[in-house]
Amino acid sequence: MKKILLIISYLIEAILLLFWIILCKIIGIKLSSFVGGKIAQFIGPLTKLDNIANNNLTKVFPNLSNKKISIIKNNMWNNIGRNTGELIFASKLNPYLDKKKFSIIGKKYLEDLKKNKSGAILFSAHIGNWEICPLIITRRGEEVTSIYRHANNPITEKIIQRLRKGICLYAPKGPKGANTLFKVLRQKKYAAILADQKLNEGESIKFLGHPAKTATAIAELSIRLSVPIIPVHVERIKGVKFKYIVEKPIKVDNKEMNHDDKVKMILLKINNKIEKWILKNPEQWLWIHNRWEK
């Protein structure tokens, strides 16, 4: 009986997603983004995830008033909802051609990568519109592979991956995905990693004032394969207007440091970089996952 109910719930979820996709294609990206934001602002606060966001915000900003925390949460839900509407159109977007929707800061660092032909690890976070971040590489005609966590619903998973087709290549989270990234980087291509995901393993590194388990893969791959680590994120300016911000590579210049210390130093620099993005636009970060150690 439980299996039947699960299948029914999967079908209902998939049908609702298909309905949303069809509606978005009819009304266009601007209205889809707007409507998605409003829906999320209505539904989000009714879920348990809102409590997680509230606890996380209180943890990081203990001196903020309840009113200010509510404003950040409300805007966070709006950003999440907008992303769901924009994802329908993401595979057709081009940050280099559509000047009305996109601006790019730090093109120099991308040109350096192309010139050196070294490949790179691009790291970002669940901030702004993270789904379209890989377009900064793929729209130059180059290949980039990203790690993803598959949806529990296998039907929904197929639909989502179809929507993502054309944004970049995807490898599943876990050992298989790690092996894929290793092969990609060894071939001097690009890997895109969201470096703010919750983990139960990794190094304990300070993040927004509190210790957080941080994946070592970025640092290990960079050191082992001698590939640069590039910070890049997509900041939402207003509505469906975005700014790509590409920053100079993260480096550890101390050659006397041992391997473990180099790894920890790189991870700390990555976390510090993401912190700056979040503190600048706290309403654009995904506060609904438990990022820190208990």
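The values are calculated or read from the model by the stated rules, or taken from the named source; none is laboratory data. Model, not experiment: these values are computed from the prediction. FYI the Cβ positions are ideal-geometry reconstructions off the backbone, even for glycines, and counts take in every protein chain you see. The protein model used for the area step is the full one, side chains on, heavy atoms only, and it has no ligands, DNA or RNA in it. Shrake-Rupley method; radii C 1.70, N 1.55, O 1.52, S 1.80 Å.
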Note down the relative contact order for region 9-119 as a percent, whole number, built from C-alpha pairs under 8 angstrom at least six residues apart. 34 percent
Which helices pass in the chain if a helix is a full DSSP H run, must span at least 18 angstrom along its long axis by Cα, and must have mean Kyte-Doolittle hydropathy not below 1.6? 2-27
I want to check the label-to-label distance for TYR148 and ASN200. Put each point 7 Å from Cα in the C-beta direction and report it in nm to one decimal. 2.4 nm
By accessible area (1.4 Å), largest first, HIS233, HIS210, HIS150 order as HIS150, HIS210, HIS233
Whichever lysines have a C-alpha closer than 16 Å to that of LYS73, once near sequence neighbours (fewer than 8 apart) are set aside: LYS38, LYS48, LYS59, LYS280
Around LEU31 (Cβ within 14 Å, Cβ-to-Cβ, excluding LEU31; K/R +1, D/E -1) the net charge comes to +3
Let me check something: with ligands and nucleic acids excluded, how do LEU185, LEU46 order by accessible area (1.4 Å probe), largest to smallest? LEU46, LEU185
Cα-Cα separations in the chain greater than 28 Å, expressed as whole percent: 40 percent
Based on Cα coordinates alone, diagonalise the gyration tensor for region 183-273, multiply each eigenvalue by 5, take square roots, and list the semi-axes in whole Å, largest first. 23, 18, 13
In Å², what does the accessible area per residue of the chain work out to with a 1.4 Å probe? 54 Å²
Around HIS233, which amide H atoms from residues at least 5 apart in sequence, or from another chain, sit under 5 Å from its own amide H, with H modelled in the peptide plane? ILE245
Roughly what % antiparallel, to the nearest 5, for the DSSP beta bridges in the chain? 40 percent
Could you report the accessible area of TYR190 in Å², rounded to 10, computed with a 1.4 Å probe on the protein chains as they sit in the structure? 10 Å²
Give me Rg over Rh for region 104-152, both radii from the alpha carbons and Rh done the Kirkwood way, two decimal places. 0.99
Taking amide hydrogens as modeled 1.01 Å from N in the peptide plane, which residues meet the under 5 Å criterion relative to ALA192, leaving out close sequence neighbours? LEU122, THR145, SER146, ILE147
So how exposed is THR58, as accessible area in Å² (1.4 Å probe, rounded to 10)? 60 Å²
Carbon plus sulfur fraction of accessible area for the chain, probe 1.4 Å, in percent: 58 percent
Rounded to the nearest whole Å³, what is the per residue volume of the convex hull around the Cα atoms of region 1-131? 194 Å³
Once normalised by the length of region 141-294, the mean sequence separation of its alpha carbon contacts under 8 Å that are 6 or more apart gives a contact order in percent of 21 percent
All other residues with a Cβ under 14 Å from the Cβ of SER204 taken together, and with Lys, Arg as +1 and Asp, Glu as -1, what is their net charge? +2
Lys and Arg at +1, Asp and Glu at -1: neighbours of LYS176 with Cβ under 14 Å from its Cβ sum to +3
Rounded, prolate or oblate, given the Cα gyration tensor of region 117-226, with a/c below 1.5 counting as rounded? oblate
Leaving out ligands, DNA and RNA but keeping every protein chain, what accessible area does LEU49 have, in Å² rounded to the nearest 10, with a 1.4 Å probe? 70 Å²
Let me check something: with ligands and nucleic acids excluded, how do LYS107, LYS273, LYS206 order by accessible area (1.4 Å probe), largest to smallest? LYS206, LYS107, LYS273
Once you treat every alpha carbon in region 245-289 as an equal point and sum by Debye, what is log10 I(q)/I(0) at q = 0.19, 0.24 Å⁻¹? -0.70, -0.89
